[in-house]
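A.B. asks: Here you go, one structure.
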Protein chains: 2
Amino acid sequence: MNISSRRISRCFSRSATSRRPHFPCVEAHAVRESQLRQTTFGSIPSSVSSTESSESGPEPPYARPNPKSYHVYHDPAPLELTYASPLPSFDVAYETWGTLSPEKDNAILLHTGLSASSHAASTALNPAPGWWEKFIGPGKALDTNQFFIVCTNVVGGCYGSTGPSSIDPTTGTHYATNFPIVSIFDMVRAQFRLLDHLGIDTLYASVGCSLGGMQSLAAGWLHPERVGKIVSISGTARSSPSAVAMRYAQRILMADPNWNYGFYYDKLPPHTGMKLARQIATITYRSGPEWDLRFGRQMRPVLEQSPDKPRTPALCPDFLIETYLDYQGEQFCLKYDANSLIYISKAMDLFDLTASSLSANHLITSSLSASTPSLSFTPHQTSHSKSHPPPANPPPHLIDLAEGMQPLAKIPTLVLGVQSDILFTVEQQRETADALRMVGNEQVSYYELGGVWGHDTFLLDVLNVGGAIRGFLS
Amino acid sequence: MNISSRRISRCFSRSATSRRPHFPCVEAHAVRESQLRQTTFGSIPSSVSSTESSESGPEPPYARPNPKSYHVYHDPAPLELTYASPLPSFDVAYETWGTLSPEKDNAILLHTGLSASSHAASTALNPAPGWWEKFIGPGKALDTNQFFIVCTNVVGGCYGSTGPSSIDPTTGTHYATNFPIVSIFDMVRAQFRLLDHLGIDTLYASVGCSLGGMQSLAAGWLHPERVGKIVSISGTARSSPSAVAMRYAQRILMADPNWNYGFYYDKLPPHTGMKLARQIATITYRSGPEWDLRFGRQMRPVLEQSPDKPRTPALCPDFLIETYLDYQGEQFCLKYDANSLIYISKAMDLFDLTASSLSANHLITSSLSASTPSLSFTPHQTSHSKSHPPPANPPPHLIDLAEGMQPLAKIPTLVLGVQSDILFTVEQQRETADALRMVGNEQVSYYELGGVWGHDTFLLDVLNVGGAIRGFLS
């Protein structure tokens, strides 16, 4: 403890015995790698359990994954995929809260963000707090007195559902990057196979935030007759190039030699790459104004600081904002599978409900029947739209999006965005609401929230996000 | 050519002979490294000349650095540093345009952004276009018929001025990370030593964009009696935590093993880390709306695409925005010294004209004399301020900033920002203008530009940026 404190304080100071400066922030990687080498690695989850056990903010630590802490639905039949041959069989990990009514008409399918597990809230099987603990329960936004809530780990993930870290039944080894590219639609298809298994024909609502918002729209799009209401919080109907850029920057983890083209399951995982990816992600999840308030320009405390001398800055993290990012990266780097991050972030990039994209990917002809879009689309004029009319002169991409979103014309939809969100901007939210209104959806509830939390608002703002959901669902 | 095209098109497709997929984007790093190993490395500039020769946008390629293409002022006396013992001696590389008047009263000191050289515009010595080619010349924003313009490479840089890649005269080897931490003030101190050498006592104006805007303010702050006017375009008087975060993310290059704690000058440089850093930087330099217009969701062309099948996406770059970022990173990664990026980005993080920061770093007592700030500061009320009054109830940090900026109270200052800039936000620009008005500066010209170019607007918008400068200087 003393030694490491001393080393930190001497970051970049010239050593008395050597001219080569110390870089504790860089040396820490080597120490971490050395510790990892001493650990026996199996699957990522088992490696996690041996090294990590602390809290890391609103998302739950998957410190000690326990197959008995969630349910797993195994489907022995193939899963159709958008971009590849079907998966021969698949698992979906899931958890539930509340009680399914005898009519099975009170089910809410809750979709997760990128790195979340099915553990949205504590359960009898797993009493640890979930990533949406304050939003699920009696009288809460998702009221367990009223609703039966199902949350899954997405296909492509690493928390019990089939993903790149799973064993390929045709080879007996980890899929790694032989795992096929999956789409948001594929994730939703797997979820509906679970609903079939549970005997749930019609959802009261499909609810999700971020990636979950995309899934929520995709659920209504694939099965308009089975989805009663849609909630999309800080999601999008069409990923923007800047969001693609921000996720692409996270896929720099592929440059970590430990990534090894995705084949690392019996080796050291790309923990450094994952740490850097999470640092970048954290920048996109929060907002500058929040950091102004929270960290300002404060610097980390330094031992042995002389009051008579100016503080000597370091090339290693110096400002609290830097140590915060470093900590966020360190906390995450062994809790989530690098390949899952790559595959799921790619699925988010590919999500695009414009008619031209759906058509190019053969999604319209294969999935739409009665509601095949007409390319001579014109915006509907309805009485309801008078107070919230669709745009008068929509640009071509918005017309294209509205054409693609016609299956959602009859589903009451809540679209909620946050003005300080730089990843899923309010422009994206407005576009989604506008497109729905253009196809004549008369039940679009649209909110924009202020505040300084950026994209992470959906994890934090129980009052406003929770309140909007509760009001919309009731 | 055929082979590489085939490999790209097969990105992620399963090979017939092996189950391991191809990743051309990752393999390209290995190919690049192999090519680099075959090259004899000297200093970074000489290594660059052997491998790079293409254009890369508005900044000039430093493809074939030629010591005869710019001037070098060598100062044998020590350079005082904010955070460390003085540099024993130093060089400043510089270029000039226009003619110094007999009275030596028409000089403009032009300050550069982070990675730019002194080559702001073409010269007789170096006819290649400079990074501000369209802003410098007869009748242009910096009118060479009227002004004598001096541009330097900053201390800490790698284009002829003393920096981490320079030889330490006390050891005979590259400084590397034994180079001391430098501040924006240190860069400006070196520039004024050059001005002394040139016999220029008083500047007509100090002009800069981005990092250059910081230097421009610092020049006026250090030498209020020697600076006639200040132009700060997309700069700041106090780096924000989100800008620190975005630069910290670029310093991930320190995780590249080739970085080797900064001691790579006789080895392979951290080209992968630099490429990733540049990709991140590019995201912070441009804006989402520009990418919407420029790239939208277009994907790169794929050979062997069957019209009957949906396109198979790749985990490697797929969207044009990704290939653009990849290209930007590749173009940059051997053109700039990694240690210079680390040191100069750190200097930007540390820049803070608040009285509390200046005091903590002993800059107020050592540099200010007559204008020592009073901590019982109250905003001035002047007649001029009626149309652009300082804020009525400034928050504490703004009062702190105004106290620190009192030396700038009498210098006419142009502050210009861009609403789509996410790195140096308009809030930062407003803060700078407000602080100047609070100390009674009656000649603050303040503009905000729209447009979609983000931070890079200063390189591109000749009409509006150039026009504002020309108007202010005349």
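The values are calculated or read from the model by the stated rules, or taken from the named source; none is laboratory data. Bear in mind that the values here come from a model prediction, so they are computed numbers and not experimental data. Cβ coordinates were reconstructed from backbone atoms using ideal geometry, including for glycine residues, and neighbour counts include every protein chain displayed. What goes into the accessible areas is simple: the full protein's heavy atoms, side chains included, and nothing from ligands, DNA or RNA. Shrake-Rupley method; radii C 1.70, N 1.55, O 1.52, S 1.80 Å.
A.B. asks: Consider B:Lys134 carefully, then state whether it is in contact (Cβ under 8 Å) with a residue 40 or more places away in the chain, in a helix (DSSP H, G or I) and open to solvent by 10 Å² or more (accessible area, probe 1.4 Å). Walk me through how you get there before you give the answer.
C.D. replies: Numbers: in contact (Cβ under 8 Å) with a residue 40 or more places away in the chain: yes; in a helix (DSSP H, G or I): yes; open to solvent by 10 Å² or more (accessible area, probe 1.4 Å): yes.
Taking the combined requirement at face value, the residue satisfies it.
A.B. asks: Taking the options A:Thr17, A:Thr39, name whichever one is surrounded by fewer than 12 Cβ atoms within 10 Å (Cβ to Cβ) and either assigned to a loop (DSSP other than H, G, I, E, B) or modelled with pLDDT under 50 (or both).
C.D. replies: Details: A:Thr39 fails: surrounded by fewer than 12 Cβ atoms within 10 Å (Cβ to Cβ).
Testing whether each residue is surrounded by fewer than 12 Cβ atoms within 10 Å (Cβ to Cβ) and either assigned to a loop (DSSP other than H, G, I, E, B) or modelled with pLDDT under 50 (or both) leaves just A:Thr17.
A.B. asks: Tally the residues that are under 17 Å from the mean Cα position of the chain (by Cα) and in a loop (DSSP other than H, G, I, E, B), restricting the search to the stretch B:313-333. Steps first, answer last, please.
C.D. replies: The initial filter retains those residues of the stretch B:313-333 that are under 17 Å from the mean Cα position of the chain (by Cα), namely B:328-329, B:331-333.
This time we only want the ones that are in a loop (DSSP other than H, G, I, E, B), so: B:333.
Matching residues across the stretch B:313-333 total 1.
A.B. asks: Can I ask one more? Any residue in the stretch B:403-428 that is among the charged types (D, E, K, R) sitting within a Cβ distance under 6 Å of a residue that is open to solvent by less than 10 Å² (accessible area, probe 1.4 Å)? List the pairs, counting only those 6 or more apart or interchain.
C.D. replies: Pairs that qualify, where the first residue is among the charged types (D, E, K, R) and the partner is open to solvent by less than 10 Å² (accessible area, probe 1.4 Å), are B:Glu403/B:Ala355; B:Asp421/B:Ser234; B:Asp421/B:Gly454; B:Asp421/B:His455.
A.B. asks: If the requirement is being in the same structural domain as B:Leu87 (by TED's automatic domain parsing), on the phi < 0 side of the Ramachandran plot, hydroxyl-bearing (Ser, Thr, Tyr) and in contact (Cβ under 8 Å) with a residue 24 or more places away in the chain, which of these qualifies: B:Thr171, B:Thr152? Don't jump to the end; show me each part of the working.
C.D. replies: Details: B:Thr171 fails: in contact (Cβ under 8 Å) with a residue 24 or more places away in the chain.
Within the list B:Thr171, B:Thr152, the selection yields B:Thr152.
A.B. asks: Collect the residues in the stretch B:257-306 that are within 25 Å of the chain's Cα centre (by Cα) and among the hydroxyl-bearing types (Ser, Thr, Tyr), keeping them in residue-number order.
C.D. replies: B:Tyr261, B:Tyr264, B:Tyr265, B:Thr272, B:Thr282, B:Thr284, B:Tyr285, B:Ser287
A.B. asks: Starting from residues that are β-branched (Val, Ile, Thr), more than 10 Å from B:Tyr343 (Cβ to Cβ) and assigned to a loop (DSSP other than H, G, I, E, B), keep the ones in the stretch B:157-184 and report whichever is least open to solvent (accessible area, probe 1.4 Å).
C.D. replies: Pass one, the stretch B:157-184, residues β-branched (Val, Ile, Thr): B:162, B:167, B:170-171, B:173, B:177, B:181-182, B:184.
From what is left, the residues that are more than 10 Å from B:Tyr343 (Cβ to Cβ) are B:162, B:167, B:170-171, B:173, B:184.
Those still in the list that are assigned to a loop (DSSP other than H, G, I, E, B) too: B:162, B:170-171, B:173.
Values: B:Thr162: 12, B:Thr170: 102, B:Thr171: 59, B:Thr173: 76 Å².
So, considering only residues that are β-branched (Val, Ile, Thr), more than 10 Å from B:Tyr343 (Cβ to Cβ) and assigned to a loop (DSSP other than H, G, I, E, B), the one least open to solvent (accessible area, probe 1.4 Å) is B:Thr162.
A.B. asks: Here are B:Ile233, B:Ile283: which of them is farther than 25 Å from B:Arg20 by Cβ and open to solvent by 10 Å² or more (accessible area, probe 1.4 Å)? Steps first, answer last, please.
C.D. replies: Working: B:Ile233 fails: open to solvent by 10 Å² or more (accessible area, probe 1.4 Å).
Exactly one residue qualifies, and that residue is B:Ile283.
A.B. asks: Would you check which residues across the stretch B:258-288 are in contact (Cβ under 8 Å) with a residue 12 or more places away in the chain, under 18 Å from A:Asp256 (Cβ atoms) and outside any loop (DSSP other than H, G, I, E, B) and list them?
C.D. replies: Of everything in the stretch B:258-288, those that are in contact (Cβ under 8 Å) with a residue 12 or more places away in the chain, under 18 Å from A:Asp256 (Cβ atoms) and outside any loop (DSSP other than H, G, I, E, B) turn out to be B:Asn258, B:Trp259, B:His271, B:Thr272, B:Gly273, B:Met274, B:Lys275, B:Leu276, B:Ala277, B:Arg278, B:Gln279, B:Ile280.
A.B. asks: Please go through the stretch A:305-348 and give me each residue that is within 8 Å of chain B (Cβ to nearest Cβ), over 21 Å from A:Pro24 (Cα atoms) and of a type in the set (Phe, Trp, Tyr), ordered by number.
C.D. replies: Hit for the stretch A:305-348 is A:Tyr343, nothing else.
A.B. asks: Which one of A:Gly199, A:Gly220, A:Gly213 is in contact with a Gly (Cβ under 8 Å, 6 or more places away or on another chain) and modelled with pLDDT of 95 or more?
C.D. replies: On the way: A:Gly199 fails: in contact with a Gly (Cβ under 8 Å, 6 or more places away or on another chain); A:Gly220 fails: in contact with a Gly (Cβ under 8 Å, 6 or more places away or on another chain).
Only one candidate passes the filter, namely A:Gly213.
A.B. asks: Based on what the data block shows, is B:Leu401 at pLDDT 95 or above and either away from chain A (no Cβ under 14 Å) or more than 29 Å from B:Trp453 (Cβ to Cβ) (or both)? Spell out the reasoning first.
C.D. replies: Working: at pLDDT 95 or above: yes; either away from chain A (no Cβ under 14 Å) or more than 29 Å from B:Trp453 (Cβ to Cβ) (or both): no.
No; evaluated as a whole, the condition is false for this residue.
A.B. asks: Being charged (D, E, K, R) and more than 26 Å from B:Asn464 (Cβ to Cβ) is true for just one of B:Asp143, B:Asp196. Which residue is that?
C.D. replies: Answer to the selection: B:Asp196.
A.B. asks: I'm checking my understanding of the structure. Among residues of the stretch B:254-274 that are within 10 Å of chain A (Cβ to nearest Cβ) and open to solvent by less than 10 Å² (accessible area, probe 1.4 Å), which one is nearest to B:Leu460 (Cα to Cα)?
C.D. replies: From the stretch B:254-274, those within 10 Å of chain A (Cβ to nearest Cβ) are B:254-257, B:259-263, B:272-273; that's our starting set.
Then keep just the ones that are open to solvent by less than 10 Å² (accessible area, probe 1.4 Å); that gives B:259, B:262, B:273.
Values: B:Trp259: 33, B:Gly262: 33, B:Gly273: 27 Å.
If we take residues in the stretch B:254-274 being within 10 Å of chain A (Cβ to nearest Cβ) and open to solvent by less than 10 Å² (accessible area, probe 1.4 Å), then B:Gly273 is nearest to B:Leu460 (Cα to Cα).
A.B. asks: Taking the residues in the stretch A:197-229 that are among the small types (Gly, Ala, Ser) and in a strand (DSSP E or B) as candidates, determine which candidate is surrounded by the most Cβ atoms within 10 Å (Cβ to Cβ). If you could, list the steps in order and put the result at the bottom.
C.D. replies: If we filter the stretch A:197-229 for residues that are among the small types (Gly, Ala, Ser), which is where we start, we get A:199, A:205-206, A:208, A:210, A:212-213, A:216, A:218-220, A:228.
Those left that are additionally in a strand (DSSP E or B): A:205-206, A:208.
Numbers: A:Ala205: 27, A:Ser206: 30, A:Gly208: 26.
This residue is A:Ser206.
A.B. asks: If the requirement is being among the β-branched types (Val, Ile, Thr) and more than 14 Å from chain B (Cβ to nearest Cβ), which of these qualifies: A:Thr236, A:Thr170, A:Thr202, A:Thr177?
C.D. replies: On the way: A:Thr236 fails: more than 14 Å from chain B (Cβ to nearest Cβ); A:Thr170 fails: more than 14 Å from chain B (Cβ to nearest Cβ); A:Thr177 fails: more than 14 Å from chain B (Cβ to nearest Cβ).
After ruling out the rest, the residue left standing is A:Thr202.
A.B. asks: Among the residues of the stretch A:317-353, count how many are over 24 Å from A:Tyr265 (Cβ atoms) and open to solvent by 10 Å² or more (accessible area, probe 1.4 Å). Don't jump to the end; show me each part of the working.
C.D. replies: Keep residues of the stretch A:317-353 that are over 24 Å from A:Tyr265 (Cβ atoms), which gives A:317-328, A:349-353.
Next, only the ones that are open to solvent by 10 Å² or more (accessible area, probe 1.4 Å) stay: A:317, A:320, A:323-324, A:326-328, A:350, A:352.
Adding up the residues that qualify gives 9.
A.B. asks: Are any of the residues in the stretch A:298-321 among the aromatic types (Phe, Trp, Tyr), over 26 Å from A:Ile181 (Cα atoms) and modelled with pLDDT of 90 or more? Before you say what the answer is, go through the steps one by one.
C.D. replies: Going residue by residue through the stretch A:298-321, those that are among the aromatic types (Phe, Trp, Tyr) are A:319.
Checking which are over 26 Å from A:Ile181 (Cα atoms) leaves us with A:319.
From what's left, modelled with pLDDT of 90 or more: A:319.
For the stretch A:298-321, residues among the aromatic types (Phe, Trp, Tyr), over 26 Å from A:Ile181 (Cα atoms) and modelled with pLDDT of 90 or more: present.
Residues checked against (1) open to solvent by 20 Å² or more (accessible area, probe 1.4 Å); (2) polar (S, T, N, Q):
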{"site": "B:Thr99", "(1), (2)": "yes, yes"}
{"site": "B:Lys104", "(1), (2)": "yes, no"}
{"site": "B:Ser122", "(1), (2)": "yes, yes"}
{"site": "B:Asn145", "(1), (2)": "yes, yes"}
{"site": "B:Cys151", "(1), (2)": "no, no"}
{"site": "B:Val155", "(1), (2)": "no, no"}
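A.B. asks: Scan the stretch B:106-126 residue by residue and report those that are touching a residue at least 40 places away in the same chain (Cβ under 8 Å) and of a type in the set (A, V, I, L, M, F, W, C).
C.D. replies: Those that are touching a residue at least 40 places away in the same chain (Cβ under 8 Å) and of a type in the set (A, V, I, L, M, F, W, C): B:Ala107, B:Ile108, B:Leu109, B:Leu110, B:Leu114, B:Ala116, B:Leu125.
A.B. asks: Can you go through B:Arg297, B:Arg251 and tell me which one is touching a Leu at 6+ places or on another chain (Cβ under 9 Å) and part of a helix (DSSP H, G or I)? Don't jump to the end; show me each part of the working.
C.D. replies: Working: B:Arg297 fails: part of a helix (DSSP H, G or I).
None of the other options fit; the residue is B:Arg251.
A.B. asks: So which of B:Ala360, B:Ala347 is hydrophobic (A, V, I, L, M, F, W, C) and modelled with pLDDT under 95?
C.D. replies: Step by step, each of B:Ala360, B:Ala347 is checked, and only B:Ala360 is hydrophobic (A, V, I, L, M, F, W, C) and modelled with pLDDT under 95.
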